[in-house]
Amino acid sequence: MNAPVNPDSKPIPLSELPVVWTDKEKHRFKVARRSFVDPDILKTEYETIFSKCWLYLGHESELVKPGDFVTRIVAKRSILFTRDASGKINAMFNTCPHRGAQVCRERKGNAKSFQCFYHGWVFGSDGKLKSQPGSECYPDDFNADGDANLVAVPRLDSYRGFWFICFDAGVQSLPDYLAGAKEWIDIVADQSETMMTLVGGTQEYQIRANWKLLTENSIDGYHAINTHATYVDYLKNSQGSMSPVPFEGTGYDLGNGHAVIEYRAPWGRPVAQWIPLWGEEGKVELSKVHARLVERFGQERADRIAYSNRNMFIFPNLVINDIMAITVRTYYPTAPDAMQVFGWALAPNEESAWARKYRLSNFLEFLGPGGFATPDDVEALEQCQRGFEAMLEAPWSDISKGMKKERVNYDDELQMRAFWTQWQACTKATAAPSKASTTGDR
């Protein structure tokens, strides 16, 4: 792929080029590979993306009872996510206002209060200071202004059970930020009549690759048949593991960097696409699930919920894959070539033991870090990262597939272009030379 040139037809130095380069007339979309290796770009991402955008914190099902809490690292900050005695959900920085120690050192649990082990200050589940050793040595109005309470995150809000935080108090509202993604979150949330719930614990692993590679991969239908050929062969060779459904679907730009691919696929879905392997018991079970969806939403929407798959990305780092099971996944860069990944299984709270069994089987078999898909993806991303060592000689990645189409397929690359266009807007990448455009193809 040739480097862009200036008006004098001379190559432009790589350091002066925009990270995202678009030529709409030629239907080309390029991303500079330096974005995956440059420490300064990572620093900018933390300043302009992870400190400015809404970030997924947790799910309402993690905080069912008053006193329930979860601690989680979000963009390098330790966050204490609680439901207090009044039932209100809170998110606070997990750092003592006294000397800075983490107040809560447990991953999750239930507690009426939290005591900092360093000097013994005690805080309620709402973050308010309750007591402190040697309180007689402090003035009576020591905490009149609330400065000795745990510091609340600047913004906290939820949509359909998914809770988000933002470190920028001036950020746009969460509903406006989610834009078109709300429609697809609704499709996931509507699978339960009571509450969607996280099942089991947290999957946590590292990948030696840049975080943006996982973003691309998560909404990339192009790689599935080739990279995951072993899984497809496994289904074909396992009697009754596939229904006669072809891979087909569409990709969508949902605004604000969010994107989704929605498609049909031949695997079983406990919500309810039956496969012969599940037998007559499964057919009866899933027929009931589908019939109830029709009662609630009508035939068209019920069929969409039951039979369509969705790989959804919410900018900058939340993935909700509603495929043969549902996974919720976030990831944060720890270095230009490394990321920490967190994943959870999501399911309707009221689903039967039969459906839950096969859901978790599907989840572990394909989506888990030891399943068919994730090791393939990890290997692919790490191979890309190794390939970027030749960045100076081969400086560009191409994300042009489907750019000339008015309506793209699920295996085109509109979704990645939506991400990169928003990424550039947030990071304010180098301005493009006069002969290029740096806008996407929305």
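The values are calculated or read from the model by the stated rules, or taken from the named source; none is laboratory data. Everything quoted here is computed from the prediction, not taken from an experiment. So basically every Cβ, Gly included, is an ideal-geometry build from the backbone, and we count neighbours across all protein chains shown. Surface areas here come from the heavy atoms of the whole protein model, side chains and all, with no ligands, DNA or RNA. Shrake-Rupley method; radii C 1.70, N 1.55, O 1.52, S 1.80 Å.
Residue by residue through the range 106-124, note down the ones that are surrounded by 14 or more Cβ atoms within 10 Å (Cβ to Cβ) and outside any strand (DSSP E or B).
At the first step, the residues of the range 106-124 found to be surrounded by 14 or more Cβ atoms within 10 Å (Cβ to Cβ) are 108, 110-111, 113-116, 121-124.
Residues satisfying the conditions are Ala111, Cys116, Trp121.
Select, from Ala380, Ala390, the only residue that is within 23 Å of Ser35 (Cα to Cα), without any contact (Cβ under 8 Å) to a residue 12 or more places away in the chain and open to solvent by 10 Å² or more (accessible area, probe 1.4 Å). Quick ask: steps written out before the conclusion?
Numbers: Ala380 fails: without any contact (Cβ under 8 Å) to a residue 12 or more places away in the chain.
It is Ala390.
In the range 109-132, is there at least one residue being within 30 Å of Pro348 (Cβ to Cβ) and either in contact (Cβ under 8 Å) with a residue 60 or more places away in the chain or in contact with a Pro (Cβ under 9 Å, 6 or more places away or on another chain) (or both)?
Taking the range 109-132 first, the residues within 30 Å of Pro348 (Cβ to Cβ) are 109-111, 125.
Applying the additional criterion that residues be either in contact (Cβ under 8 Å) with a residue 60 or more places away in the chain or in contact with a Pro (Cβ under 9 Å, 6 or more places away or on another chain) (or both) yields 110, 125.
Yes, the range 109-132 contains a residue that is within 30 Å of Pro348 (Cβ to Cβ) and either in contact (Cβ under 8 Å) with a residue 60 or more places away in the chain or in contact with a Pro (Cβ under 9 Å, 6 or more places away or on another chain) (or both).
Go through the residues of the range 345-354 one by one and say whether even a single one is in contact (Cβ under 8 Å) with a residue 40 or more places away in the chain and in a helix (DSSP H, G or I).
Looking only at the range 345-354, we keep the residues that are in contact (Cβ under 8 Å) with a residue 40 or more places away in the chain, and these are 345-352, 354.
Remaining after also requiring in a helix (DSSP H, G or I): 354.
The answer is yes; a qualifying residue exists.
Just give me the residues in the range 196-222 being over 19 Å from Gly370 (Cα atoms), at pLDDT below 95 and either outside any loop (DSSP other than H, G, I, E, B) or open to solvent by 10 Å² or more (accessible area, probe 1.4 Å) (or both), in sequence order.
Residues satisfying the conditions are Asp220, Tyr222.
Quick one: in the range 239-269, which of the residues that are within 23 Å of Glu379 (Cβ to Cβ) and open to solvent by less than 40 Å² (accessible area, probe 1.4 Å) is nearest to the chain's Cα centre (by Cα)?
This residue is Ile261.
Hey, could you check the range 308-342 for residues that are open to solvent by 10 Å² or more (accessible area, probe 1.4 Å) and charged (D, E, K, R) and say which is nearest to Ser158 (Cα to Cα)?
Restricting to residues being open to solvent by 10 Å² or more (accessible area, probe 1.4 Å) and charged (D, E, K, R), the top hit is Arg329.
Scan the range 307-318 and give yes if some residue there is over 30 Å from Lys76 (Cα atoms), more than 20 Å from the chain's Cα centre (by Cα) and not charged (D, E, K, R), otherwise no. Can you show your working first?
Narrowing the range 307-318 to residues over 30 Å from Lys76 (Cα atoms): 307-309.
Next, only the ones that are more than 20 Å from the chain's Cα centre (by Cα) stay: 307.
Retained after the next criterion (residues that are not charged (D, E, K, R)): 307.
Yes - at least one qualifying residue is present in the range 307-318.
Every residue in the range 58-93 that is of a type in the set (Val, Ile, Thr) and either touching a residue at least 40 places away in the same chain (Cβ under 8 Å) or open to solvent by 40 Å² or more (accessible area, probe 1.4 Å) (or both), please.
First pass over the range 58-93, keeping only residues of a type in the set (Val, Ile, Thr): 64, 70-71, 73-74, 79, 82, 89.
Hits for the range 58-93 are Val64, Ile73, Val74, Ile79, Thr82, Ile89.
Could you tell me how many of the residues in the range 1-52 are of a type in the set (Gly, Ala, Ser) and either farther than 29 Å from Pro333 by Cα or modelled with pLDDT of 90 or more (or both)? Spell out the reasoning first.
First, the residues of the range 1-52 that are of a type in the set (Gly, Ala, Ser): 3, 9, 15, 32, 35, 51.
Next, only the ones that are either farther than 29 Å from Pro333 by Cα or modelled with pLDDT of 90 or more (or both) stay: 9, 32, 35, 51.
Of the residues in that region, 4 qualify.
Every residue in the range 136-161 that is closer than 30 Å to Thr194 by Cβ and more than 27 Å from the chain's Cα centre (by Cα), please.
Of the residues in the range 136-161, the ones closer than 30 Å to Thr194 by Cβ are 152-153, 155-161.
Answer for the range 136-161, where residues must be closer than 30 Å to Thr194 by Cβ and more than 27 Å from the chain's Cα centre (by Cα): there is none.
Tell me, yes or no, whether the range 345-363 has at least one residue that is open to solvent by 40 Å² or more (accessible area, probe 1.4 Å) and under 27 Å from Tyr252 (Cα atoms).
Applying the first criterion (open to solvent by 40 Å² or more (accessible area, probe 1.4 Å)) to the range 345-363 yields 349-350, 353, 356-358, 360-361.
Going one step further and asking which of them are under 27 Å from Tyr252 (Cα atoms), we end up with none.
No.
Just to be sure before I move on: is Glu193 loosely packed, with under 13 Cβ neighbours inside 10 Å and free of Cβ contacts under 8 Å to residues at least 40 places away in the same chain in the structure I sent? Show your work before the answer.
Details: loosely packed, with under 13 Cβ neighbours inside 10 Å: yes; free of Cβ contacts under 8 Å to residues at least 40 places away in the same chain: no.
So Glu193 fails the test.
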